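Enquirer: What follows is a structure written as structure tokens; I'll ask about it next.
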Amino acid sequence: MSIPHSKRRLEGPEEIARTAGTESYSNVKDQEHGIHTLLTSMASEGDTVLKDHSEFDTGERPLLDHANVSLVPKVENRLKVAIIGASGMGKSALFNVVPHQPSISRSDSSMAGCTSAPCEITGAAPDQKSDYEVYLHFHSDPDRRSTFSKLFDDYQLLHFNNDDTRVCDSVEADRLASAATTLLQLLQSIFADDPNLSEQAGIAETLLAHHDAGTLDAFQETVYSRCEELVEAFPGGDGLVKERHFETTEDVSAFIQPLGSTNDVEGEPSLWPLVKKISVFIKDCPLLQDMVLGDAPGVSDVNQLRERNAYDYIDGCDYLILVTSVQMRCATDIQLEKILSRYKEAFAGKLAIVMTRSDEYDHNDYVRNIQPEAKTKGFHAEVEEYARLHKETKQNGKCPMDYSDLAAMQQWAIAQRAKHEKENR
């Protein structure tokens, strides 16, 4: 027999629970900045202690790098969308317009520079003090060694291979040529202040000299040391992630543009070969509060490091936006084909295509792009004749430049109308 007892009843249980939960959440958020500061201090002090003890040399760097990365604000639960596409298609314009930040990403499509590392933007944490927090992520030393080692191997295979029996098809030849170009670009950038290595011709001579002397391995170690020096010397904290704070989009753009693109400054070492990703946290940007938007390098790139950075970033994305032109989309889109062939069903239903420059037709681009195929398939003469006729037609039917001369405009319009009527009979 059970003994009856009165049950304790809370008045307004839903309201009390909601209030308690809100208060607990607020208490945690109030302490978040202090915890972040404490962890930062602990990581810095631990770095100093470990560096002073030789017995911790082995395994020290990976642990410190992990601790450093863990201090970056978490965005794992946010939807991650990457904008991809060829140079000049309008990626940066789309990237800028979403958060209403017209200058946060500057396009270099008309210059020599290309996007080399993904740049992502997202909403800030509630306690962020500055308008913009920027986190610069560098490749780790093992990643750098792996990348350079493969490039050095491919360069030797292309230029120093004496095995006449080795068969190399066109795909492999293109890959080796891209690897060699990539290696020269990377070395030229990180050794821009070295007169012997600031030009690709000088770098090629240096590589040949080291190969003949049997000292290429030693030269590779010099490259690794140089990379480490550049990363450690960059301001913004220790480790592989550097933190900077800004108040204007112009300052953010000026900071990230040379780090995320290949537009080198003559005589100064560039860090873009060492940068893995750039993250920007924007204050008071509700649209990006639950979303991360990334501007990725092109996946059809002769520079293998830039292409690898793009694929590594795409691997962690939920959705893709492909920015392309109508002309390219109607013909063939290499970027789309490479993505679909690589990921197959991974992005099924998660890929959007944005076609830009729909009212713009660049005849010169068309002729230039079709010429290689024309030579291969034997209709190069027809393309040349088409280009000649197009130029002649454009000159003969050109509208008068003086728009103030109404009579000339009317006469030109009548002539054009008569021409079209004759052609349509």
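The values are calculated or read from the model by the stated rules, or taken from the named source; none is laboratory data. The model shown is predicted, which means the values in this text are computed figures rather than measured ones. Ideal geometry is used to build each Cβ from the backbone, glycine not excepted, and the neighbour counts take in all protein chains shown.
Enquirer: Please work out which residue is surrounded by the most Cβ atoms within 10 Å (Cβ to Cβ), limiting yourself to region 320-343 and to residues that are farther than 21 Å from residue 294 by Cα and at pLDDT below 70. Break it down into steps so the answer makes sense when it comes.
Expert: Within region 320-343, the first condition is being farther than 21 Å from residue 294 by Cα, and the residues that meet it are 326-332, 341.
Add one more test, that the residue is at pLDDT below 70, and what stays is 326-332.
Working: 326: 14, 327: 16, 328: 19, 329: 14, 330: 10, 331: 11, 332: 9.
Among those residues, the one meeting the criterion is 328.
Enquirer: Related question: Of the residues that sit in region 115-152 and are crowded, with 20+ Cβ neighbours inside 10 Å and in a loop (DSSP other than H, G, I, E, B), which one is modelled with the highest pLDDT?
Expert: Going through the qualifying residues, I end up with 139.
Enquirer: Another question, if that's okay. Go through (1) modelled with pLDDT of 90 or more; (2) surrounded by 18 or more Cβ atoms within 10 Å (Cβ to Cβ); (3) closer than 30 Å to residue 121 by Cα one by one and return the number of the condition residue 228 breaks.
Expert: Only one criterion in (1) modelled with pLDDT of 90 or more; (2) surrounded by 18 or more Cβ atoms within 10 Å (Cβ to Cβ); (3) closer than 30 Å to residue 121 by Cα is unmet by residue 228, namely (2).
Enquirer: Could you list, in sequence order, all residues of region 344-366 that are modelled with pLDDT of 70 or more and on the phi < 0 side of the Ramachandran plot?
Expert: 345, 346, 347, 348, 350, 351, 352, 353, 354, 355
Enquirer: Any residue in region 224-246 that is farther than 24 Å from residue 130 by Cα sitting within a Cβ distance under 8 Å of a residue that is among the charged types (D, E, K, R)? List the pairs, counting only those 6 or more apart or interchain.
Expert: The qualifying pairs are 224/141; 224/144; 224/145; 227/141; 227/144; 228/141; 232/238.
Enquirer: Do we find a residue being modelled with pLDDT of 90 or more, part of a strand (DSSP E or B) and out of contact with any Cys (no Cβ under 7 Å at 6 or more places or on another chain) anywhere in region 268-275?
Expert: Checked region 268-275: at least one residue is modelled with pLDDT of 90 or more, part of a strand (DSSP E or B) and out of contact with any Cys (no Cβ under 7 Å at 6 or more places or on another chain).
Enquirer: Does at least one position in region 136-152 carry a residue that is free of Cβ contacts under 8 Å to residues at least 40 places away in the same chain and among the charged types (D, E, K, R)?
Expert: yes
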